[in-house]
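Enquirer: The structure under discussion is supplied below as structure tokens; questions concerning it will follow.
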Amino acid sequence: MTPLMRSAIVLGLLSAVGPFAIDMFLPALPAIAADLNATVASTQGTITFYFIAFGLTQMIYGPWSDQVGRKRPLYVGLSLFFVASVLAAMAPNINMLILARVGQGLGAASLMVVTRAIIRDQYTGYEATKLMGLIMLVFSVSPMFAPLSGAALITVTGWRGIFAGMAVAAVVAMLVTAIWQAETLPKEHRVPVHLKTMGRGIRTLMRDPVFMGLTFVGGFGMSAFFIFIASASFVYVETFGLTPTQFSLAFTVNAMGFIGASQAAAPLMQKHGALKIILLGVGGFAVSMCALMALALMGLASFPVILVGLIAGFGFMGLVIPTTMVAALDPHGEIAGLASSLGGTLQMVAGGIMVAASGPFFDGTPTPMIGAMTVCSLITLGLLLVILPRARRIMAAG
């Protein structure tokens, strides 16, 4: 096994823990709402507040990993995730479940931000994009199998058993980290965390329009997926009458476009350049979502139409996410942890805000979900067009 493939497997498994905490319990959302006497909006809060906690905490883990190395923050995050999963399994009401989900987000954030920094420690450019694509392949096991495993657990243990399963996943991830993940930041390259230094780094990043633009291009692309995650179980189960298992299979099919495209991102980037691939992905994503929205407004958004439309939309998004991540971080290797943290925080908070903003419009039909996703796709297109001239000059000079 090559070092690149080994890194992909280990980092992919670690990165999948956080999404697993979302995807695994999606089939249970209607059951959770019924069991805890909660509204749809408050049940969606278990996703919204997870995203916000996940995003904000990355600002801690990134700089901390620049100071102490990459492995210690991983252990702390996994420990928090384990404790919060146990509390979620015992939650007596929706407010306590939301609080436990916040705890899961606080822990899972370390896995996302630190794995990105580990990639940047070892690779840049094409190799980094290739590794990111391989990680996405492992990472993609989550939307494929997490809902199915969640649906299986529901039938045996009820929804609470899903969170017990997440606690077990945290233990497995900790063992993987201890045994197979080497420390990638030598002591001589570690940077002490000083508020002044951190503030200077944040100002540098936030004054970089290309970094900020690419971060939000990827962020609003992910926001569309977050909206789908928060709404799909109610639309598919309650509107189209799918069982939890059928929903899980539909969710898996929707993820296939993203999986395939993310694997194509690295070779396409090597051949055509990052910006061309990002432009293709963003443009295709916007066209796909606008077409699906038009069909919804005409009353033609049947289950097969939505399934096919989202496969196309998520396929184009699969080109955007790994490529924007690498392109945003490439010029900032000396503060990779901080850049990864800030980028992840901005993206997750944007996703949480978009889910919360779209929640009041949800009426159980597909149209509000598709409409919110279409808005996200148009925002990504507008942002990319704004930064495109400057990005071309910077990348040409580099």
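The values are calculated or read from the model by the stated rules, or taken from the named source; none is laboratory data. Keep in mind that what you see is a predicted model, and the values were worked out from it rather than measured. Note: ideal-geometry Cβ built from the backbone for every residue, glycine included; neighbour counts use all protein chains shown. These accessible areas exclude ligands, DNA and RNA; they are computed on the full protein's heavy atoms, side chains included. Shrake-Rupley method; radii C 1.70, N 1.55, O 1.52, S 1.80 Å.
Enquirer: Of all residues in segment 225-251, which are open to solvent by 20 Å² or more (accessible area, probe 1.4 Å), closer than 14 Å to Ile306 by Cα and hydroxyl-bearing (Ser, Thr, Tyr)?
Expert: Thr239
Enquirer: Report, ordered by the first and then the second residue, all pairs with beta carbons closer than 9 Å, sequence separation of six or more or different chains, a first member in segment 366-382 that is without any contact (Cβ under 8 Å) to a residue 40 or more places away in the chain, and a second member that is open to solvent by 10 Å² or more (accessible area, probe 1.4 Å).
Expert: Qualifying pairs under 9 Å: Val375/Phe220; Val375/Met354; Val375/Ser358.
Enquirer: When you scan segment 258-279, do you find a residue that is in a loop (DSSP other than H, G, I, E, B), farther than 16 Å from Pro30 by Cα and not basic (Lys, Arg), even just one?
Expert: yes
Enquirer: Starting from segment 179-194, keep only residues that are closer than 13 Å to Ile118 by Cα, then list their pairs with residues that are loosely packed, with under 12 Cβ neighbours inside 10 Å whose Cβ atoms are within a distance under 9 Å, requiring at least 6 positions of separation or different chains.
Expert: Going by the 9 Å Cβ cut-off, there are no qualifying pairs.
Enquirer: What number of residues within segment 270-293 satisfy the criterion of being free of Cβ contacts under 8 Å to residues at least 60 places away in the same chain and either farther than 29 Å from Ser340 by Cβ or of a type in the set (S, T, N, Q) (or both)?
Expert: 2
Enquirer: If you scan segment 264-296, which residues turn out to be in contact with a Leu (Cβ under 6 Å, 6 or more places away or on another chain) and not aliphatic (A, V, I, L, M)?
Expert: Gly281
Enquirer: If you don't mind, there's one more thing I want to ask. If you check Ala224 against the conditions, is it farther than 30 Å from Gly313 by Cβ and at pLDDT 90 or above?
Expert: no
Enquirer: Still on this structure, please answer the following. Tell me, please, whether a residue that is without any contact (Cβ under 8 Å) to a residue 12 or more places away in the chain, of a type in the set (A, V, I, L, M, F, W, C) and outside any helix (DSSP H, G or I) can be found in segment 294-312. Steps first, answer last, please.
Expert: The first filter runs over segment 294-312 and keeps only residues without any contact (Cβ under 8 Å) to a residue 12 or more places away in the chain, leaving 294, 298-300, 302, 304, 308.
This time we only want the ones that are of a type in the set (A, V, I, L, M, F, W, C), so: 294, 298, 300, 308.
Subsequent filtering for residues that are outside any helix (DSSP H, G or I) retains 298, 300.
Yes, segment 294-312 has at least one match.
Enquirer: Name the residues in segment 1-32 that are outside any helix (DSSP H, G or I) and either surrounded by fewer than 24 Cβ atoms within 10 Å (Cβ to Cβ) or at pLDDT below 80 (or both), would you?
Expert: Met1, Thr2
Condition check ((1) modelled with pLDDT under 80; (2) within 28 Å of Leu249 (Cα to Cα); (3) out of contact with any Asp or Glu (no Cβ under 7 Å at 6 or more places or on another chain); (4) surrounded by 22 or more Cβ atoms within 10 Å (Cβ to Cβ)) across all residues:
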{"position": "Pro322", "(1), (2), (3), (4)": "yes, yes, yes, yes"}
{"position": "Ala328", "(1), (2), (3), (4)": "no, no, yes, yes"}
{"position": "Gly337", "(1), (2), (3), (4)": "yes, no, no, yes"}
{"position": "Val355", "(1), (2), (3), (4)": "no, yes, yes, yes"}
{"position": "Leu384", "(1), (2), (3), (4)": "no, no, yes, yes"}
{"position": "Met395", "(1), (2), (3), (4)": "yes, no, yes, no"}
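Enquirer: Residue check, Tyr50 against (1) under 20 Å from the mean Cα position of the chain (by Cα); (2) open to solvent by 40 Å² or more (accessible area, probe 1.4 Å), all met but one. Which one?
Expert: Checking Tyr50 against (1) under 20 Å from the mean Cα position of the chain (by Cα); (2) open to solvent by 40 Å² or more (accessible area, probe 1.4 Å), the one that fails is (2).
Enquirer: Consider segment 33-44. How many of its residues are in a helix (DSSP H, G or I) and either surrounded by fewer than 23 Cβ atoms within 10 Å (Cβ to Cβ) or without any contact (Cβ under 8 Å) to a residue 60 or more places away in the chain (or both)?
Expert: Residues of segment 33-44 that are in a helix (DSSP H, G or I), as a first pass: 33-35, 40-44.
Then keep just the ones that are either surrounded by fewer than 23 Cβ atoms within 10 Å (Cβ to Cβ) or without any contact (Cβ under 8 Å) to a residue 60 or more places away in the chain (or both); that gives 33-35, 40-43.
Residues that pass the stated criteria total 7.
Enquirer: Quick one: which helices (runs of 4 or more DSSP H) sit completely within segment 114-189 and have at least 3 residues that are open to solvent by 20 Å² or more (accessible area, probe 1.4 Å) and modelled with pLDDT of 75 or more?
Expert: 141-157, 160-180
Enquirer: Among the residues of segment 357-366, what is the count of those that are in contact with a Phe, Trp or Tyr (Cβ under 9 Å, 6 or more places away or on another chain) and either assigned to a helix (DSSP H, G or I) or closer than 23 Å to Leu214 by Cα (or both)?
Expert: In the first step, residues of segment 357-366 are kept if they are in contact with a Phe, Trp or Tyr (Cβ under 9 Å, 6 or more places away or on another chain); the result is 362, 364, 366.
Restricting the remaining residues to those that are either assigned to a helix (DSSP H, G or I) or closer than 23 Å to Leu214 by Cα (or both) gives 366.
So the count comes out to 1.
Enquirer: Looking only at segment 53-77, which residues are open to solvent by less than 20 Å² (accessible area, probe 1.4 Å) and within 17 Å of the chain's Cα centre (by Cα)?
Expert: Across segment 53-77, the qualifying residues are Ala53, Phe54, Gly55, Thr57, Gln58, Tyr61, Gly62, Gly77.
Enquirer: For Leu378, indicate whether it is open to solvent by 40 Å² or more (accessible area, probe 1.4 Å), in contact with a Cys (Cβ under 8 Å, 6 or more places away or on another chain) and in a helix (DSSP H, G or I).
Expert: Values: open to solvent by 40 Å² or more (accessible area, probe 1.4 Å): yes; in contact with a Cys (Cβ under 8 Å, 6 or more places away or on another chain): yes; in a helix (DSSP H, G or I): yes.
It is true that Leu378 is open to solvent by 40 Å² or more (accessible area, probe 1.4 Å), in contact with a Cys (Cβ under 8 Å, 6 or more places away or on another chain) and in a helix (DSSP H, G or I).
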